[in-house]
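For reference, the structure discussed in these notes is given below.
We did not get these values from a lab; they are worked out from the coordinates using the rules stated. These numbers were taken from a predicted model, which means no experiment stands behind them. Every residue, glycine among them, receives a Cβ derived from its backbone with ideal geometry; neighbour counts consider all protein chains shown.
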Amino acid sequence: MAGTLLEQTRSLHEDIERLEYAAVQFLLEEPKTHKDSINQTHMVNQALTQIIEKKDKLLHIYKDADNSRRDDADALTGQAGQAFPFFYERLREIKDYHRKFPDVQIGDPQEILSGIIGCSDSLFTTEESYGKYVDLHLFHDRYNNLPWIKSKPVDYFTYLDRAYNLTNQLSGKGQEYLQYLKDLIDYSIGHIQRSQPLLELDSTLESIKQEFSAQWDDDKFFVKQTKELMDSNSSHSDSPVPPTYCFDCKKNFAKATSFNSHLKGKKHKKAAAANAPIDKEIFQAEYLLQRLGELLRDQIDATKIHVETKLARRYEDIEADLDDETPMEGSDSETDDEEEMTRRCITNYPVGWDGKPIPYWLYKLHGLGIEYKCEICGNTPYLGRRAFERHFQEWRHAYGMRCLGIPNSKHFNEITSIRDALLLWEKIKENKQTTEWNANELEEFEDNEGNVMNRKTYKDLERQGLV
């Protein structure tokens, strides 16, 4: 009988065998592109996730805390050793049930594989190219706005070298810097989970935390700003931190003598005492980021090559890649005049760092003529696909989601309508509730007349002697 616990056990074992076979078949396929490789790992990971979920259900059944499995086994043996009469009685009941309900659909054994869909296109941004690169543009802007970096901002290529190479571990960097580190850690962990789903990331993160705790207990981190530390820092001309900058007071001094005198003052000591509670968090975050950078080394190196290649490309190469490229007749001067006229006709045409309008080919390349509006952000318009994709992780969108009472997770990427976001959130909550195993609601029992009911109803009727 399909509702018995023993039949559920058999079905779970069968599902696990099918999922294991499917995972092997996925791995045997040779991926032809990077996208195929990412899709393959996600399909294997989804199969393994389902195997683990069904294994947990089996363990719950085998533990038999409420003796329901033992009751089912005893029921199948019959009374006083009359196993065969009891078996044929049960068989007759099943036949009678299907005679009463001839339209009952039998589940497809392959239906278990329908939940394996691989990697969705919305999982990665355009810049990430299915996990091949990292997209740190948002963090690059935040890094350049840190108080000790503002005077010497760096380009994106240089930032890729610095993002995970944190060698200036000094105290007093403040809450803003700590939040920047935490957000970069969240992005890095999310990228690893999306691009390397088969990696045992939880155990890796736990071992990194244990390593940090051991080194912190051994006082292997600089907790104070000392003259010797500042002198050694100043010997590195490429250091992003001025040697006379005080993190605690967020102030740079012109001379080393003034800086050393400042370190002995009451104002500095008071600021240092206020920052002391978060010093350990900052050091731990920096240590974790360096280790995450090791896991993302291939993607970071590929991103640097990609950025360098884009910077070195010629105008003709970029023009050739434009999807909307169409041959134009006439001389170059006529083409330039037409582009100039087009730029003048466009409202709020973007300008470059030099204050001059950007080239028209660059305007077309980034699709800046296409406007995307997000209702969650108060109908704020975003020009170009890149700006639209980046805004899902920015403060305005995150604040809008928080006002709706919805977590700003990957599930809601590409969702710009408030109604769609609320409907999706309700569906996610419903799916979460339905996937949780509840023996009283999901375990089925059948009485002698072929009536199917859940465990709670059956036990209630049994105690009343009605079944």
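By how many nm would the segment from residue 179 to residue 394 lengthen if fully extended, with 0.36 nm per residue of separation less the alpha-carbon distance? This chain segment gains 76.0 nm when fully extended. Across the range 191-203, coupling constants 3J(HN,Hα) worked out from phi with the 6.51/-1.76/1.60 Karplus curve, θ = phi - 60°, read 5, 5, 5, 7, 8, 9, x, 8, 6, 6, 6, 4, 5 Hz, and Gly and Pro carry x.
What list do you get for 151, 188, 129 if you sort them by fewest beta carbons within 10 Å?
Values: 151 9, 188 23, 129 17.
Ascending Cβ contact count within 10 Å gives the list 151, 129, 188.
In order along the range 408-415, the phi-based Karplus estimate (6.51 cos²θ - 1.76 cosθ + 1.60, θ = phi - 60°) of 3J(HN,Hα) comes to 7, 9, 5, 4, 9, 4, 6, 8 Hz; Gly and Pro are listed as x.
Each label was represented as a point 7 Å from its Cα along the Cα-to-Cβ direction; for residue 20 and residue 257 these points are 7.8 nm apart. In order along the range 144-156, the Karplus-derived 3J(HN,Hα) couplings, from 6.51 cos²θ - 1.76 cosθ + 1.60 at θ = phi - 60°, round to 5, 9, 5, x, 8, 10, 3, 6, 10, x, 10, 7, 5 Hz, and Gly and Pro are given as x. Under 5 Å from the amide H of residue 245 lie the amide H atoms of 253, each residue being 5 or more positions distant or on a separate chain, with H modelled from the backbone and absent for Pro and chain starts. Using a/c under 1.5 as the rounded threshold, could you call the range 370-453 rounded, prolate or oblate? The axes a ≥ b ≥ c are square roots of the C-alpha gyration tensor eigenvalues, and prolate needs a/b larger than b/c, oblate otherwise. Judged from the Cα gyration tensor, the range 370-453 comes out prolate (a/c at least 1.5, a/b above b/c).
Taking 0.36 nm per residue of sequence separation and subtracting the Cα-Cα distance, how much length would be gained by fully extending the chain between residue 375 and residue 203, in nm to one decimal?
Details: separation 172, 0.36 × 172 = 61.92 nm, distance 3.96 nm.
Length gained between residue 375 and residue 203: 58.0 nm.
For the residue pairs 35/304; 150/266; 150/267; 35/63, the alpha carbons lie more than 31 Å apart in 35/63.
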